[in-house]
1. Only one of B:230, B:218 is in a strand (DSSP E or B) and either more than 25 Å from the chain's Cα centre (by Cα) or away from chain A (no Cβ under 14 Å) (or both). Can you tell me which?
2. From A:209, A:172, A:180, which residue is within 17 Å of the chain's Cα centre (by Cα) and closer than 26 Å to residue A:61 by Cβ?
3. Against the conditions (1) in a helix (DSSP H, G or I); (2) at positive phi, where does residue A:112 fall short? Just the number, please.
4. At least 2 residues that are in the same structural domain as residue A:23 (by TED's automatic domain parsing) and surrounded by fewer than 19 Cβ atoms within 10 Å (Cβ to Cβ) in each: list the strands (runs of 3 or more DSSP E) lying fully within segment A:157-235 that qualify.
5. Within segment A:53-73, how many residues turn out to be in contact (Cβ under 8 Å) with a residue 24 or more places away in the chain and touching a strand residue (DSSP E or B) at 6+ places or on another chain (Cβ under 6 Å)?
6. Test residue A:102 against the stated conditions and say whether it is in contact with a helix residue (DSSP H, G or I) (Cβ under 7 Å, 6 or more places away or on another chain), within 14 Å of chain B (Cβ to nearest Cβ), at pLDDT 95 or above and surrounded by fewer than 18 Cβ atoms within 10 Å (Cβ to Cβ).
7. Could you check segment A:64-87 and list, in sequence order, the residues that are assigned to a loop (DSSP other than H, G, I, E, B), crowded, with 18+ Cβ neighbours inside 10 Å and within 11 Å of chain B (Cβ to nearest Cβ)?
8. Which residues, taken from segment B:195-215, are closer than 16 Å to residue B:47 by Cα and surrounded by fewer than 16 Cβ atoms within 10 Å (Cβ to Cβ)?
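The values are calculated or read from the model by the stated rules, or taken from the named source; none is laboratory data. Just so it is clear, the structure is predicted and the values come from calculations on it, not from any experiment. Here the Cβ is made from the backbone with ideal geometry for all residues, glycine too, and neighbour counts use every protein chain on show.
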């Protein structure tokens, strides 16, 4: 088991944002968390990557308990988090953004190799290499955020709403690349409001509703569930 | 787009409109024209004296630049005006005083290599003194950050600001104690002898007891040292921030701390590092200031600290080139005011600049409007 979450409880002040959720991600999988706005999807990812402290429960990654580990340490263990809203470093150039993605890597040639790898998936970034992150279009920023998340050679990458605000063509493109990343051996935990897209590339999925997991299963089962169809797929 | 238009609207409301603003601007233009007139008159009447004043203003401005860099960098990364910064500058001057007066650290090159070139010996000795001041000030600043500011990192900004004022008072009044630095003026022994030259039909060395011919411009080796040290420091800082991994991490951290952590950046270390760099520059400034104006006292950091703060605001707080340019302007404003208006007016002018900047362009010369984050 690559990632195992057990009975996780997170509070924002008095608000009980995650109410004892449990799930897991196995090596090589794409797992989706789907759910409406405010269901706790982003909160889950933030708790995993150490940006917020859970009140109780446990998170184990590669067999090690990381529930209260600092974010820096979790990155070094091989979990990369591409946050919601892309969070590009706007005053830094594309190249500098990518270098920050590889912050934990000290080997220069390794960084160059990863940069080339990212450019192969996102040739557009190469054209914009010396441009400031803040001047990129939404789609380009998403490419940069995803590329930056790949720079530290993660074993597990957490993607938060990679399709948000993108044109349909861009969405197709991003999802094609997510599949490609997965095919190269990186496991993916995907949070999406675009449930249809997410389920189409996932192996398994969990449905999150107001801080609780209400449904779990293979992506196919979830996609065929009548309630999911009605609530998230708009069919 | 929506947020931008909302912001513009809110700015529109705060701007005091029409008549008052118009009068204010008119008065400012009048003052500016008057100042230009006075300067131009003196430039034409006595060009060499004017050049001399500009040179003296540069000397002061360069030292302010070293202090202002610390304000602007720390503000850039933790959004805190570190009011204790001027006192770190003072500690830098005192460390060098003790090193020269009691340890005689500046003469080690001659002691170790008796037949060393005297210029090289002076350079090495002075660098040693500066490095020692830097190390002590870096340790002091990092300790201050860890003890006083770090626990307040998530508190409202005003809490950290008040704490900074408290730390400043603590350093000042602790230093004023009789067994620490005392309240007296202390004559400062320079690590090297002052040498002066005058420019008139070429460059000549000023002999002791001989007055320089009228219409000449004088400058000293101290001026040269200050210019070289400050320019090197500025270049080093630009290189650090633009080209090195820790420098890029500083900019990333300054922009967005949570995302910086997601990259694996240890934000606490980056913040300590920033305080350390600022303190090292303040120490350099403190030593150079004491060498240039060789009489030190515990409260010597208060005014240079505040003026460097004004310089940082004038240049656009958070901007490194801004701090440099702002400091040069402040140095000129102060020296030219002393020369052509009156000496007591120079502090008034310095702080009027702060008020004018805050009224007309709060973001300073190089500053960008601060983005609001949720």
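1. On the way: B:230 fails: in a strand (DSSP E or B).
None of the others qualify; the one that does is B:218.
2. Working: A:209 fails: within 17 Å of the chain's Cα centre (by Cα); A:172 fails: closer than 26 Å to residue A:61 by Cβ.
After applying the criteria, what remains is A:180.
3. The number of the failed condition is (2).
4. Details: elements: A:187-192, A:204-209, A:212-218.
Filter on segment A:157-235 gives A:212-218.
5. So the count comes out to 8.
6. Values: in contact with a helix residue (DSSP H, G or I) (Cβ under 7 Å, 6 or more places away or on another chain): yes; within 14 Å of chain B (Cβ to nearest Cβ): yes; at pLDDT 95 or above: yes; surrounded by fewer than 18 Cβ atoms within 10 Å (Cβ to Cβ): no.
No.
7. Scanning segment A:64-87 gives A:78, A:83, A:86, A:87.
8. Residues of segment B:195-215 that are closer than 16 Å to residue B:47 by Cα, as a first pass: B:198-201, B:213-215.
Passing the criteria: B:200, B:201, B:213, B:214, B:215.
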